[in-house]
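Below is one structure, written out as structure tokens; comments come after it.
The values are calculated or read from the model by the stated rules, or taken from the named source; none is laboratory data. As the structure is a prediction and not an experimental result, all values here were calculated from the model. Note: ideal-geometry Cβ built from the backbone for every residue, glycine included; neighbour counts use all protein chains shown. These accessible areas exclude ligands, DNA and RNA; they are computed on the full protein's heavy atoms, side chains included. Shrake-Rupley method; radii C 1.70, N 1.55, O 1.52, S 1.80 Å.
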Amino acid sequence: MSVVAVLTAAGSGSRLGHALPKAVVPVAGAPLVAHAARALLAARAADGSRVTALVVTAPAEHVAAVADALRGVGDDRAPAVPVRVVVGGATRQASVAAGLAALPPDADVVLVHDAARAFAPPALVARVVDAVHAGHGAVVPGLPVVDTVKRVAAWDADGGPVLDTPPRDVLRAVQTPQGFARDVLVHAHALGADRAGDEATAASDDAGLVEAAGGRVWVVPGDERAAKITTPRDVVLAEALHAAPAPGGTL
Ligand code: CTP
Ligand code: MG
């Protein structure tokens with residue numbers, strides 16, 4: 001089966017506060033989008049399949065910078081594949097939709113991955129693809145939640161009243177890459193297209209669109225290394241983790 005990936009890199013990174021868009025900010029020796037692409041290309045599913053094409057979303061004024069960041073991203077472990085950089089949209093949902101419109105026609109399985117989750121390991125990518133191959137039309141990686149989570153009504157600068165406390169054992173904080181049978185994802189985006197133009201209505205992940213379309217979503221175990229780089233603190237942590245020797249002493 002042919003696996004392709006939409007790599008979302010069209011955000012500005014406002015919370016990171018860097019002069020460059022977040023995806024091209026260098027961390028641990030390479031732009032975030034290059035780390036993320038390399039992990040996608042290095043992944044091998046149980047049946048030997050791998051990502052054979054990348055569609056990358058970029059801010060309109062930074063298409064060339066994102067393309068430059070991805071030049072030569074393949075290596076021995078991660079052979080080069082066709083990379084197409086497209087202009088993203090006003091929201092992440094709109095950017096993914098733009099990426100889907102540029103998919104190669106032969107793609108059966110589509111991964112959607114955030115450049116901001118630059119250090120998601122290849123084994124996580126493979127786990128998601130394997131679950132799609134096993135018959136799940138939509139797959140997300142998720143980690144148990146360590147904090148107690150409250151639902152809050154009418155939040156403002158002074159705070160807001162608690163509605164309720166969902167039981168923690170059923171909660172999972174979800175990550176990317178998320179994996180889909182192509183038709184499931186394309187159908188969900190088409191049904192939810194009217195939400196895409198505005199941050200207030202847009203889906204924050206693609207599986208949410210599948211749920212809204214009445215589809216089933218399967219959660220596989222996530223990985224701490226796939227944490228999203230959002231603030232300067234996350235960059236410090238990512239640099240430190242990258243510099244640390246792996247358990248057992250070898251990388
Ligand atoms: N993204 C995108 N198009 C958008 C918004 C976000 O492709 N219109 C991508 C980002 O590049 C990122 C991922 O979606 O890889 C997750 O978004 P987030 O972490 O929120 O990144 P930014 O939107 O860039 O950051 P911020 O919200 O702090 O501005
Ligand atoms: Mg954002």
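Residues that are touching a strand residue (DSSP E or B) at 6+ places or on another chain (Cβ under 7 Å), in contact (Cβ under 8 Å) with a residue 40 or more places away in the chain and over 17 Å from residue 30 (Cβ atoms) were ranked within the range 61-91; the one that is surrounded by the most Cβ atoms within 10 Å (Cβ to Cβ) is 88.
So that you can scan it fast, the table gives a plain yes or no per residue for (1) β-branched (Val, Ile, Thr); (2) under 24 Å from residue 210 (Cα atoms):
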| site | (1), (2) |
| --- | --- |
| 43 | no, no |
| 46 | no, no |
| 79 | no, no |
| 83 | yes, no |
| 96 | yes, yes |
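Residue count for the range 130-140 under the criterion of being part of a helix (DSSP H, G or I) and either in contact with a strand residue (DSSP E or B) (Cβ under 6 Å, 6 or more places away or on another chain) or of a type in the set (Lys, Arg) (or both): the result is 2. Every listed requirement among (1) open to solvent by 70 Å² or more (accessible area, probe 1.4 Å); (2) more than 16 Å from ligand 2 (Cβ to nearest atom) is met by residue 193 save one, (1). When every residue of the range 170-179 is checked against the conditions, none turns out to be among the basic types (Lys, Arg), within 16 Å of ligand 1 (Cβ to nearest atom) and open to solvent by 40 Å² or more (accessible area, probe 1.4 Å). Here 69, 97 are screened, and the one residue that is within 16 Å of ligand 2 (Cβ to nearest atom) and either closer than 29 Å to residue 130 by Cα or among the β-branched types (Val, Ile, Thr) (or both) is 97. One residue stands out among those in the range 98-111 that are under 16 Å from residue 209 (Cα atoms) and small (Gly, Ala, Ser): the one that is least open to solvent (accessible area, probe 1.4 Å), which is 99.
Scan the range 143-162 and tell me whether some residue there is in contact (Cβ under 8 Å) with a residue 12 or more places away in the chain and crowded, with 17+ Cβ neighbours inside 10 Å. Yes - at least one qualifying residue is present in the range 143-162. Do we find that residue 206 is of a type in the set (Asp, Glu) and either more than 24 Å from residue 106 (Cα to Cα) or free of Cβ contacts under 8 Å to residues at least 60 places away in the same chain (or both) in this structure? The answer is no for residue 206. The residue that is nearest to ligand 1 (Cβ to nearest atom), counting only those in the range 87-128 that are in a strand (DSSP E or B) and farther than 20 Å from residue 49 by Cβ, is 114.
Quick grid of which residues meet (1) farther than 22 Å from residue 194 by Cα; (2) at pLDDT 95 or above:
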position: 69; (1), (2): yes, yes
position: 81; (1), (2): yes, no
position: 87; (1), (2): no, yes
position: 90; (1), (2): no, yes
position: 105; (1), (2): yes, no
position: 119; (1), (2): yes, yes
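Looking across the range 42-60 at every residue that is open to solvent by less than 40 Å² (accessible area, probe 1.4 Å) and in a loop (DSSP other than H, G, I, E, B), the one that is nearest to ligand 1 (Cβ to nearest atom) is identified as 59. The C-beta contact set for the range 110-127 (first residue more than 13 Å from residue 41 (Cα to Cα), second residue part of a loop (DSSP other than H, G, I, E, B), distance under 6 angstrom, 6+ apart or interchain) comprises 114/176; 115/9; 116/228; 116/229; 117/176; 117/228.
Would you call residue 114 open to solvent by 50 Å² or more (accessible area, probe 1.4 Å) and not β-branched (Val, Ile, Thr)?
Values: open to solvent by 50 Å² or more (accessible area, probe 1.4 Å): no; not β-branched (Val, Ile, Thr): yes.
For residue 114, the condition - open to solvent by 50 Å² or more (accessible area, probe 1.4 Å) and not β-branched (Val, Ile, Thr) - is not met.
Sort out which residues of the range 206-233 are in contact with a Lys or Arg (Cβ under 7 Å, 6 or more places away or on another chain) and part of a helix (DSSP H, G or I), and write them in order of number. Listed by number, the list holds a single entry, 226. Look at (1) surrounded by fewer than 20 Cβ atoms within 10 Å (Cβ to Cβ); (2) more than 16 Å from ligand 2 (Cβ to nearest atom) and you find that residue 18 fails only one, number (2).
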